[in-house]
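As structure tokens, the structure follows; a few thoughts come after it.
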Amino acid sequence: MELTSKQRAQLRGLANGIDTILQIGKDGIGENLIKQADDALEARELIKGRVLDNNLEYDARAAAEELAKATRSEVVQVIGTKFVLYRESHSKPKEKRIQLVKPARKKPQA
């Protein structure tokens, strides 16, 4: 599911209040980090990560995109060394999930 700009803006606002829980260090993106990110996305839906200075392999954009691909999530935002990922949870009850704004429907051409 591709996020709209309004949904991205909504998620960026929500991400302001959360702590960074994922750190990519000198070991890069391995199986353990992918599992940790996957578990965190299932539990929280929205996670913030950071690429540490000792990582020479990735910049924040490349790390976010690779992690998003591995966890089937969406990159919401990348600023400096930090990034935000989103994936709808399937284990949470519907009322506890993040409710995204609905995409605007295109008006039919007259």
>> Please count how many residues of the stretch 86-101 are surrounded by 15 or more Cβ atoms within 10 Å (Cβ to Cβ) and in contact with a helix residue (DSSP H, G or I) (Cβ under 6 Å, 6 or more places away or on another chain).
In response: 4
>> Exactly one of these conditions fails for residue 60: (1) of a type in the set (A, V, I, L, M); (2) touching a strand residue (DSSP E or B) at 6+ places or on another chain (Cβ under 9 Å); (3) at pLDDT below 90. Give me its number.
In response: (3)
> Looking only at the stretch 47-65, which residues are touching a helix residue (DSSP H, G or I) at 6+ places or on another chain (Cβ under 9 Å) and not small (Gly, Ala, Ser)?
Replying inline: 47, 48, 50, 51, 55, 57, 58
> What single numbered condition from (1) over 22 Å from residue 102 (Cβ atoms); (2) surrounded by fewer than 19 Cβ atoms within 10 Å (Cβ to Cβ) fails to hold for residue 71?
Replying inline: (2)
>> Can you find a residue that is more than 23 Å from residue 2 (Cα to Cα), touching a strand residue (DSSP E or B) at 6+ places or on another chain (Cβ under 8 Å) and surrounded by fewer than 15 Cβ atoms within 10 Å (Cβ to Cβ) anywhere in the stretch 47-54?
In response: yes
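The values are calculated or read from the model by the stated rules, or taken from the named source; none is laboratory data. Predicted model, so just to flag it, every value in this text is computed and none were measured. Here Cβ is always computed from backbone atoms with ideal geometry, including for glycine, and neighbour counts include all displayed protein chains.
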